[in-house]
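Okay, so here's the structure we're looking at.
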């Protein structure tokens, strides 16, 4: 029994003695008034003291016996309850050694005294035990063998640290020899959540996946085959799509000639991921005399709060899949987006209806605003500058004040900018910096973003929050970080360059703006650089755009002079090429230091293009260090999808032309990151 409790009982029994001591001075006072009364009171006090003393020693022993018996009985009950507690419970020392455990714990872990907790539950180690905090929670999986059968359990484990100050008396004597160095124990409680986890997984697996499947190039493929074979081609596509969904016990409904709506349970999604959406390849293998492969875009929406939300996720994912060129699958899990496929080059559209519609919409937006601000990406290249100049002319032709945001004049765009400034035909505020752009941009401003759709890569990201009227013109594939809520978006991955898109728009605007020769040169230069002298990603519409610019006075000799470079730049590029490493016999990777070099990223892109001229090289990666960033230029011919590789680092681009930025890493560290990523993706079969 606790010594403190013993002392309290003793104090309680001695209470009457204190009262009798108070009667002694009272008796003395009475003696002065009546000796006879004083004697009587004195005798009474002596008798009471005698009887109280006898009763004290006798009662104390009896009371202590009763208390000890009660405590013993209660301790037995408590020990029994703790030992038979249905919740597994154990006491550990500070190192995780088991000192004591109840029957429920022994049932799942067997005889365990003196063992380390980690020997039984491998996921629990000393680092999980509470130290400064008194309570921690962990979740573990535990496999228990029962004969030849293995049963899996899932436990929530709660640890509570008990300090020695919480014990005294007999408890202290009981545990003092087993206390750890910091005089404390750890109590571990195991809560079986196996059934709960099972039901949660069942609920998760039974959730519905809403999907959309579109045939990307339906009209083009139908035009490519004989009329007799068209129905057979469609029937084969329908059969493969139906079989693909039926294999996951789903339902597919054809809503239009080239569109399908699908529903299936989420537990089958991993199976589809494991097969890497084999339907994408199966559809392309259909051959009934068609020279053009049929491709699909697939989008799944999952983990929404309602079926409607899943459908909205699927629609948003389909916009991304189509904006990235099709022939791929997108899974949108709330804010998280996963991409699969995308190994087919985007097919150029022969129809110009979309360009005509976008041109008309852009004209109306320009006429509704007072001024126009045109913005490209950081470190602008000739394509970005040429597109901005073309839109600048469109704004002026409609009587609007226009500005181009440019903070840094790189060597690649310097010939264009200096020629425009020297001509004397343009306002001094044609080119403005970020501070001026922020000052003049408001709700009455039309902001046009060219050659970029990733908000973080724009020249001045703050402008995106200063106006709700944003237009995007770009030829790079869409990413999940695309600028939010533009009023007009013309993102076409099939286009060779943004200058090509702007050239088409200028042709379809009803006012027919006339480009000046210097402006036509700027746009022609942009197409020339992005197509690597009309070698990469060129189509019929690319040459038609070039012809339009030639009719507007583009001087090819002058454009060629713009593209010339200094001897120092040529030496830097040659050095980077000579130091390239070859990985897996098909990947070339090299570095380029951008300190003291004008337009180092442009040089990096040129090096990446030239590395593809080496026999056997399927993809090239050039890392350019500029201040605290490393810019990665990735190129391929058609075998490797470099866009998917760059998306691993938050970048993007096209199947054959892509890039990314790495922050706060050295060139060598960035190179190792790229090499490790290539190794992992190659092991997974993603490249």
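The angle separating the long axis of helix 517-530 from the principal Cα axis of greatest extent in the chain is about 60 degrees.
Computed from the C-beta positions of residue 160 and residue 306 and an R0 of 60 Å, the FRET efficiency is 0.90 to the nearest 0.05.
Taking 7 Å steps out from each Cα toward its Cβ at residue 23 and residue 223 produces label points 12.3 nm apart. Annotation for residue 338 and residue 593: the two label points, set 7 Å from Cα along the Cα-Cβ direction, are 4.3 nm apart. Here the chain carries DSSP beta bridges of which approximately 70% are antiparallel, counting only pairs with both residues inside.
Computed over segment 523-601, relative contact order equals 19 percent, with contacts defined as Cα pairs under 8 Å that lie 6+ residues apart.
Taken as Cα centroids, segment 256-333 and segment 453-485 sit 26 Å apart, rounded to the nearest whole angstrom. Estimated from helical segments only, the mean residue ellipticity of the chain at 222 nm is -14000 deg cm²/dmol, where each DSSP H run of four or more residues counts as -39500 (n - 2.57). Entry note, the chain: relative contact order of 7 percent, from Cα contacts under 8 Å with a spacing of 6+ residues.
Peptide packing: for 231-237, 191-197, the average count of neighbouring Cβ atoms within 10 Å per residue gives the ranking 231-237, 191-197, highest mean first.
Here the gap between residue 194 and residue 444, fully extended at 0.36 nm per residue and compared with their Cα-Cα distance, gives a gain of 84.0 nm. Percent of Cα pairs in segment 461-515 per distance bin of 5 Å, from zero to the largest separation: 4, 17, 22, 21, 19, 12, 4, 0.
Helix 15-33 and the longest principal axis of the C-alpha atoms of the chain enclose an angle of approximately 50°.
Across all Cα atoms of the chain, the radius of gyration (one decimal) and Dmax (whole number) stand at 40.8, 145 Å. Sorting 523, 375 from the fewest to the most surrounding beta carbons within 10 angstrom yields 375, 523. When DSSP beta bridges are limited to those with both residues in segment 508-650, what percentage is antiparallel, rounded to the nearest 5? Expressed as a percentage, antiparallel bridges in segment 508-650 total about 60.
No value in this document is a laboratory result; all are computed from the given coordinates. The model shown is predicted, which means the values in this text are computed figures rather than measured ones. All Cβ positions, even for glycine, are placed from backbone atoms using ideal geometry, and neighbour counts span all protein chains on display.
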